[in-house]
Amino acid sequence: MAPRANPPINNCKLTLGSAVKLPKARSMAPLRTTGCCRSTEGDGSFRWPKPTNFDGSRPGASEARDREANEMTSATDGLSERIARMEAREEIRDLVVRYGMAVDDRDIDAVAALFTEDAVFRHGDGAVVNEGRSAIVDFYTDRLSSFGATYHYPNSHLVELDANRAGHASGIVNAHAELGIEGRTFVTGLRYFDQYRHDGGQWRFAERSVAMVYYMDMAELVDGGLTEADRKRYFGQISSAELPESLDTWKKFFAELS
């Protein structure tokens, strides 16, 4: 029996001495992966793609977004608090400036508005103590009626906001004032010790105490007035100044020198 002939391969005729031509293999699309598989360092090395959830997001992405949102909220809250503190400080500093202007302008209504209803104004030596807004207004009205032109100006102002009580603050103001009294020009260096309270939508003085470094005729000041201990001199009334001799730091400084 004669052998059966093999059928042609893919319709290609096979002849003796001829090369076999095979059909071209179809190209396959490259395998897609999520994320970059190549090294970012350019070395051509393979990197496994980062896994993804079914919705295409990264595992833990939601938690990361929540964490970032919380951090942003915290940062925003912190910024708002800092801005509020800065605004409070500036409003309190404006209060001190308005005080000097109101006194010098003899604007008694403005002076009254700067103090709380239960405010206290006193001198450091205890010679003057006024409790309540009406008493403070009466004091300024009487005091300023005998003065000529005056000029109050704050030199420096330290403000400390109360961290435990909202709407409360304290401050120390170093200041000067020039006073025209009965044909003479007096000059004073003083320090205010203040308590502030946010009241009725604005900052006001809840307490204001004033201590003198000196108070004397300008001619006496120029003539060595600061070298004396009795630096409060007012028409024959002479007394010691409250500052700086009463300060513990002053006493300690000179005690260590002896």
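Bear in mind that the values in this text are calculations on the coordinates, not laboratory data. All values derive from a computational prediction rather than experimental measurement. Glycine gets a Cβ as well: all are built from the backbone with ideal geometry, and neighbour counts include every protein chain shown.
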Qualifying residue in the range 219-227 (condition: surrounded by 10 or more Cβ atoms within 10 Å (Cβ to Cβ), part of a helix (DSSP H, G or I) and small (Gly, Ala, Ser)): yes
Subset of the range 120-135 [surrounded by 13 or more Cβ atoms within 10 Å (Cβ to Cβ), part of a strand (DSSP E or B) and not aromatic (Phe, Trp, Tyr)]: Val120, Arg122, His123, Asn130, Glu131
Those residues of the range 85-101 which are more than 10 Å from the chain's Cα centre (by Cα), surrounded by fewer than 17 Cβ atoms within 10 Å (Cβ to Cβ) and aliphatic (A, V, I, L, M), in sequence order: Val97, Met101
Cβ-Cβ under 8 Å pairs, at least 6 apart or on other chains, the range 208-228 side hydroxyl-bearing (Ser, Thr, Tyr), far side part of a helix (DSSP H, G or I): Tyr214/Leu221; Tyr214/Gly225; Tyr214/Leu226
From the options Glu207, Glu228, Glu182, Glu245, residue that is within 21 Å of Asp104 (Cα to Cα) and out of contact with any strand residue (DSSP E or B) (no Cβ under 6 Å at 6 or more places or on another chain): Glu182
The range 167-189, subset within 25 Å of Ala88 (Cβ to Cβ) and in contact (Cβ under 8 Å) with a residue 24 or more places away in the chain, residue surrounded by the fewest Cβ atoms within 10 Å (Cβ to Cβ): Gly167
In the range 136-157, the residues that are in contact (Cβ under 8 Å) with a residue 24 or more places away in the chain and in a helix (DSSP H, G or I): Ile136, Val137, Tyr140, Thr141, Leu144
